[in-house]
Amino acid sequence: MADPVDVTGPAVGAGLTRTEQRGRLREGLRAYRLIAGMWIRSTMAYRTSFALTTLGNFVASALDFVAILLMFSRVDALGGYRLPEVAFLYGLSTLSFGLADLAIGSMDRLGRRVRDGTLDTLLVRPAPVLAQVAADRFALRRLGRVTQGLLVTGYALAGLDLHWTPLKLLLMPVMALSGGGIFCAVFVAGAAFQFAAQDASEVQNAFTYGGTTLLQYPPTVFATELVRGVTYVLPLAFVNWLPAAYVLGRPYPLGLPGWTAFASPLVAMVCCALAGVAWRAGLRSYRSTGS
């Protein structure tokens, strides 16, 4: 097979002008939309099956919150946080992860494509490989997790006595979208790692599914070293811990300054840029099946 750099050409982003990069971005979004739309039409051809699988996805993810409810039936606070505050963290974490999982949750199957050689077919198509992998088998049933995150967030807000300001109201959607962007970056970086270690999907899941489970609980219940790791190394703390501290009026983890609550969009952009670099490096290293 030809060198994948030659096959994909500008798909890996090498040597492009800004105008060409914007054109490739539009092309990638168009390819993603077309492929995702194809899978959505396929899914909606069996509406009963779609409804049942979406409900199953909702129930499966809801069991995590049921465990939290059972925990609070025995305690009044967890790490100094009351149930509505923990529900707030849970809802935002689940919503952010649910958006990322809905958009590009198929990225964790890249290792399988590398092993069986089906990635080769994507390399010769006139569309960015990342868009094709992200939209592959687009699963609309993942809306169940997004719905659950919204419901738990609503439950939390109903139980919280907050003094709302325009800045806090603005921070709510910013938190969800920025958190989704951070999780998307983790998905892409994990997929890039699978070019080198094809059986690494579980390693990726440890940072995606494991990361959202971590963020469902207050930072005060974890060791300081772990909180530092998810703040300075893999900045998952910017998904909800730091912005939620501002909304809830809680002390910031690690004594960080107050402006860090508003840094989530910048952190998401940096993470996505770094994930893009990792993806291009992984794609350039690909040498067909067995590489």
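The values are calculated or read from the model by the stated rules, or taken from the named source; none is laboratory data. Given the structure is predicted, the values throughout are model-derived calculations rather than measurements. A quick note on method: Cβ atoms are made from the backbone with ideal geometry, for glycine too, and the neighbour counts reach across all protein chains shown.
Criterion first (under 30 Å from Arg284 (Cβ atoms), of a type in the set (A, V, I, L, M, F, W, C) and crowded, with 24+ Cβ neighbours inside 10 Å) does Ala131 satisfy it? Talk me through it step by step, then tell me what you get.
Working: under 30 Å from Arg284 (Cβ atoms): yes; of a type in the set (A, V, I, L, M, F, W, C): yes; crowded, with 24+ Cβ neighbours inside 10 Å: yes.
Judged against the criteria, Ala131 is a match.
If you go through the stretch 36-56 and pick out every residue that is among the aromatic types (Phe, Trp, Tyr) and part of a helix (DSSP H, G or I), you end up with 2.
Of the residues making up the stretch 80-105, those that are within 30 Å of Ser288 (Cα to Cα) and surrounded by 21 or more Cβ atoms within 10 Å (Cβ to Cβ) number 4.
Considering only residues of the stretch 249-291 that are in contact (Cβ under 8 Å) with a residue 24 or more places away in the chain and of a type in the set (Ser, Thr, Tyr), which is surrounded by the most Cβ atoms within 10 Å (Cβ to Cβ)? Checked the stretch 249-291; the qualifying residue surrounded by the most Cβ atoms within 10 Å (Cβ to Cβ) is Ser264. Would you check if there is a residue in the stretch 70-78 being buried (at least 18 other Cβ atoms within 10 Å of the Cβ) and of a type in the set (Val, Ile, Thr)? No, the stretch 70-78 has no match at all. Annotation: of all residues in the stretch 249-285 being outside any helix (DSSP H, G or I) and of a type in the set (A, V, I, L, M, F, W, C), the one that is modelled with the lowest pLDDT is Leu256. Once the stretch 138-161 is narrowed to residues that are touching a helix residue (DSSP H, G or I) at 6+ places or on another chain (Cβ under 7 Å) and either small (Gly, Ala, Ser) or exposed (fewer than 13 other Cβ atoms within 10 Å of the Cβ) (or both), the residue that is nearest to Ser96 (Cα to Cα) is Gly149.
Report, by residue number, each residue of the stretch 124-141 that is among the small types (Gly, Ala, Ser) and closer than 16 Å to Arg109 by Cβ.
Across the stretch 124-141, the qualifying residues are Ala131, Ala134, Ala135, Ala139.
Applying a threshold of 6 Å to beta carbon distances and a minimum spacing of six or more residues, or different chains, the list of pairs starting in the stretch 21-32 at a residue that is within 9 Å of Pro128 (Cβ to Cβ) and ending at one that is outside any helix (DSSP H, G or I) reads Gly28/Pro128; Ala31/Ala127. Across the stretch 219-248, the number of residues qualifying as free of Cβ contacts under 8 Å to residues at least 12 places away in the same chain and outside any helix (DSSP H, G or I) comes to 2. In the stretch 117-128, the qualifying residues are those that are among the aliphatic types (A, V, I, L, M) and assigned to a helix (DSSP H, G or I), and the one that is surrounded by the most Cβ atoms within 10 Å (Cβ to Cβ) is Leu119. Are any of the residues in the stretch 109-116 at pLDDT below 90, under 23 Å from Gly210 (Cβ atoms), in a helix (DSSP H, G or I) and in contact with a Ser or Thr (Cβ under 6 Å, 6 or more places away or on another chain)? Looking for residues that are at pLDDT below 90, under 23 Å from Gly210 (Cβ atoms), in a helix (DSSP H, G or I) and in contact with a Ser or Thr (Cβ under 6 Å, 6 or more places away or on another chain), one finds at least one in the stretch 109-116, hence yes. Considering only the stretch 221-238, state which residues are surrounded by 15 or more Cβ atoms within 10 Å (Cβ to Cβ) and not aromatic (Phe, Trp, Tyr). Of everything in the stretch 221-238, those that are surrounded by 15 or more Cβ atoms within 10 Å (Cβ to Cβ) and not aromatic (Phe, Trp, Tyr) turn out to be Val227, Gly229, Val230, Thr231, Leu234, Pro235, Leu236, Ala237. Condition (residue is assigned to a helix (DSSP H, G or I), modelled with pLDDT of 90 or more, under 22 Å from the mean Cα position of the chain (by Cα) and under 22 Å from Val146 (Cβ atoms)) applied to the stretch 13-30: is it met by at least one residue? For the stretch 13-30, residues assigned to a helix (DSSP H, G or I), modelled with pLDDT of 90 or more, under 22 Å from the mean Cα position of the chain (by Cα) and under 22 Å from Val146 (Cβ atoms): absent.
The residue of the stretch 168-208 that is surrounded by the fewest Cβ atoms within 10 Å (Cβ to Cβ), among those that are free of Cβ contacts under 8 Å to residues at least 60 places away in the same chain and not acidic (Asp, Glu), is Pro173.
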